[in-house]
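Asker: The structure's right below; bear with me while I get my questions together.
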Amino acid sequence: MGFRGSLMADKPWGGRFGDPTHPAAERFTASLPFDYRLWPYDLQGSEAWARALGQAHVLTEAEVQAILRGLGEIRGEFEQGTFPYRIELEDIHMNIERRLIEKIGEVGGKLHTGRSRNDQVVLDVRLYLRDEIRAIREEVRIVQAALVQRAEEHRDCPMPGYTHLQRAQPVLLAHHLLAYVFMFQRDRERLREGLGRVDLLPLGSGALAGSAYPIDRLSLAKLLGFTRISENSMDAVSDRDFILEFLAHAAILATHVSRLAGELCLWSTAEFGFVELPDAFATGSSLMPQKKNPDVAELLRGKAGRIYGHLVGLLAVMKGLPLAYNRDLQEDKEPLFDTVETLRGSLGVLAPLIVDLRFDVGRLRQTAGEQYVTATDMADYLVGKGLPFREAHECVGRVVRFAIEQGKRLDELPLADLTRFSPLFDEEVYARITVEASLEARALPGGTAPEAVATALAHARAVVEPGS
Ligand code: ARG
């Protein structure tokens, strides 16, 4: 974006000041380089404010119409990319106001009656964040839908489940993928709840004490699609808790993205070999010809770090700030915008990456049964024969050690060997320690048995329906 150079006479507070702003101070205080993003919301808010001033008979109908026409022309300039930004006008709000006066003359100077940039800026941010949260919720839904689709395709593929990154018990790949679907579902719930707190009209708060004009705030709220109005003007212009809350939700969502992406990095190694990343989402090495690197997944894993930074950064800005507006609050914008853009970029690449993953079903199946992962099932078998679980655990632990010494799998040990550890063993045990039997045994709601997973899958499918 090209910003025009400085022209000090233009400052809205010029009346009070004798000397021009130092160019370094001008550059230092300007928020235009990042708050230009708010232009659609600043126009929307100003149109609504002009109408409200008309309804309150502060402006004549002709004045309202002139302002609306001017704002409409300015909208056209933004859409065509011809709006003449002027950095010396500090922020998007003053840029638009000055442009309006250039276009329609003196009457443009009436728009700011009874309003302050303090209530204007927080209105703009609320309108912006409302749109962005809706968009992010939809992008999370698309990621969930991709996971559900892959889970459906792999509903009978077993794999090793891990604790402590050690093979623990067999699970279905679908069960593993659905774990993320439910994490993302809670992210969408949190974001929706947060929307309820973004939904509040601050306009009419003025600089801090309220507005001295008879504005109908409730109908203004309705016009802007808010269901509530702020009940304290000082609170309205000076708190940013709705942004902090969004950043906290964003940090949790980014954590879920990071864990999923981290598993893809791990799973695509030769050591795991569970998945092959699509070429379109991998990169090569500039030195080693054989390399296929998971850079996209690694960046998805890493992005959480900067989002955490933005949350902690804004908390630190807010801490100890006296009421009401302080210019420190301008520091809310870069962390917010960067978080929104980082999240949307991440979700936008994660969904197609998931769609194109190639799972190595043969390898998943084979590894699902290795490393004594059905030892718990052997213990459960002894429990079924009446042995207290603690004794069964101890007994099977000894069986496992013996099998390791013999270099055999559990199901390769003859019954004669097993009965040396417990007289309760009989032929039935072999049917209980297969991967399939282990999966099927975990049939409680929420477990990994095929029928339990089918139920979860049906629920997951419903929550990712378009429009949900
Ligand atoms: N650019 C400012 C911000 O982002 C707008 C509000 C300025 N208000 C003021 N009293 N200086 O917070």
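Asker: Is it the case that the stretch 170-178 has a residue that's under 23 Å from residue 325 (Cβ atoms), in contact with a Ser or Thr (Cβ under 8 Å, 6 or more places away or on another chain) and at pLDDT 95 or above?
Answerer: For the stretch 170-178, residues under 23 Å from residue 325 (Cβ atoms), in contact with a Ser or Thr (Cβ under 8 Å, 6 or more places away or on another chain) and at pLDDT 95 or above: absent.
Asker: Working only within the stretch 87-113, note down all residues that are open to solvent by 20 Å² or more (accessible area, probe 1.4 Å) and among the small types (Gly, Ala, Ser).
Answerer: Within the stretch 87-113, 105, 109 qualify.
Asker: Going through 179, 209 one at a time, which residue ends up being within 16 Å of the ligand (Cβ to nearest atom) and over 22 Å from residue 128 (Cα atoms)?
Answerer: Among 179, 209, only 209 is within 16 Å of the ligand (Cβ to nearest atom) and over 22 Å from residue 128 (Cα atoms).
Asker: I need the full set of residues from the stretch 63-81 which are in contact with a helix residue (DSSP H, G or I) (Cβ under 8 Å, 6 or more places away or on another chain) and either over 24 Å from residue 333 (Cα atoms) or surrounded by 19 or more Cβ atoms within 10 Å (Cβ to Cβ) (or both), in order please.
Answerer: 63, 64, 66, 67, 68, 69, 70, 71, 73, 74
Asker: Exactly one of (1) of a type outside the set (S, T, N, Q); (2) surrounded by fewer than 14 Cβ atoms within 10 Å (Cβ to Cβ); (3) within 16 Å of the ligand (Cβ to nearest atom) is unmet by residue 332. Its number?
Answerer: So residue 332 meets the others, but not (2).
Asker: Next question. Based on what the data block shows, is residue 167 of a type in the set (D, E, K, R), outside any helix (DSSP H, G or I) and open to solvent by 10 Å² or more (accessible area, probe 1.4 Å)?
Answerer: Judged against the criteria, residue 167 is a match.
Asker: State all residues of the stretch 358-376 that are within 26 Å of the chain's Cα centre (by Cα) and open to solvent by less than 10 Å² (accessible area, probe 1.4 Å); if no residue qualifies, say none.
Answerer: none
Asker: Which pairs have Cβ atoms under 6 Å, sit 6 or more apart or on different chains, and link a residue in the stretch 114-128 that is within 7 Å of the ligand (Cβ to nearest atom) to one that is assigned to a helix (DSSP H, G or I)?
Answerer: 117/93; 118/237
Asker: What tally of residues in the stretch 77-102 results from selecting those that are at pLDDT 95 or above, over 18 Å from residue 45 (Cβ atoms) and either in contact with a His (Cβ under 7 Å, 6 or more places away or on another chain) or among the charged types (D, E, K, R) (or both)?
Answerer: Final tally of qualifying residues: 2.
Asker: Would you mind finding the one in 23, 84, 33 that is away from the ligand (no atom under 16 Å from the Cβ), within 30 Å of residue 132 (Cα to Cα) and surrounded by fewer than 19 Cβ atoms within 10 Å (Cβ to Cβ)?
Answerer: Exactly one of 23, 84, 33 is away from the ligand (no atom under 16 Å from the Cβ), within 30 Å of residue 132 (Cα to Cα) and surrounded by fewer than 19 Cβ atoms within 10 Å (Cβ to Cβ), namely 84.
Asker: If I filter the stretch 213-239 down to residues being polar (S, T, N, Q) and crowded, with 16+ Cβ neighbours inside 10 Å, which single residue comes out as nearest to residue 113 (Cα to Cα)?
Answerer: Once the filter is applied, the top-ranked residue is 233.
Asker: Being within 16 Å of the ligand (Cβ to nearest atom) and not aliphatic (A, V, I, L, M) narrows it down to one residue among 338, 295, 279; which is it?
Answerer: 338 is the lone residue from the list that is within 16 Å of the ligand (Cβ to nearest atom) and not aliphatic (A, V, I, L, M).
Asker: Taking the conditions exactly as written (modelled with pLDDT under 95, more than 17 Å from residue 125 (Cα to Cα) and open to solvent by 10 Å² or more (accessible area, probe 1.4 Å)), does residue 186 satisfy them or not?
Answerer: When the stated conditions are applied, residue 186 does not pass them.
Asker: Condition first: away from the ligand (no atom under 16 Å from the Cβ), within 15 Å of residue 214 (Cβ to Cβ) and open to solvent by less than 50 Å² (accessible area, probe 1.4 Å). Now tell me which residues in the stretch 36-62 satisfy that.
Answerer: If the condition is that a residue be away from the ligand (no atom under 16 Å from the Cβ), within 15 Å of residue 214 (Cβ to Cβ) and open to solvent by less than 50 Å² (accessible area, probe 1.4 Å), then 52, 53, 54, 56, 58, 59 are the ones that fit.
Asker: Using beta carbons and a limit of 6 Å, which pairs, at least six apart or on different chains, have the first residue in the stretch 315-335 and closer than 15 Å to residue 125 by Cα and the second one among the hydroxyl-bearing types (Ser, Thr, Tyr) and within 9 Å of the ligand (Cβ to nearest atom)?
Answerer: Going by the 6 Å Cβ cut-off, the qualifying pairs are 330/31.
Asker: Still on this model: Looking at the stretch 397-436, which of its residues are open to solvent by less than 50 Å² (accessible area, probe 1.4 Å), of a type in the set (Asp, Glu) and touching a residue at least 12 places away in the same chain (Cβ under 8 Å)?
Answerer: 417
Asker: Only one of 460, 452, 456 is closer than 23 Å to residue 181 by Cβ, out of contact with any helix residue (DSSP H, G or I) (no Cβ under 8 Å at 6 or more places or on another chain) and buried (at least 18 other Cβ atoms within 10 Å of the Cβ); which?
Answerer: Criteria check complete, one pass: 452.
The values are calculated or read from the model by the stated rules, or taken from the named source; none is laboratory data. Source: prediction; values computed, not measured. Every residue, glycine among them, receives a Cβ derived from its backbone with ideal geometry; neighbour counts consider all protein chains shown. Side chains included, ligands, DNA and RNA excluded: accessible areas come from the protein's heavy atoms. Shrake-Rupley method; radii C 1.70, N 1.55, O 1.52, S 1.80 Å.
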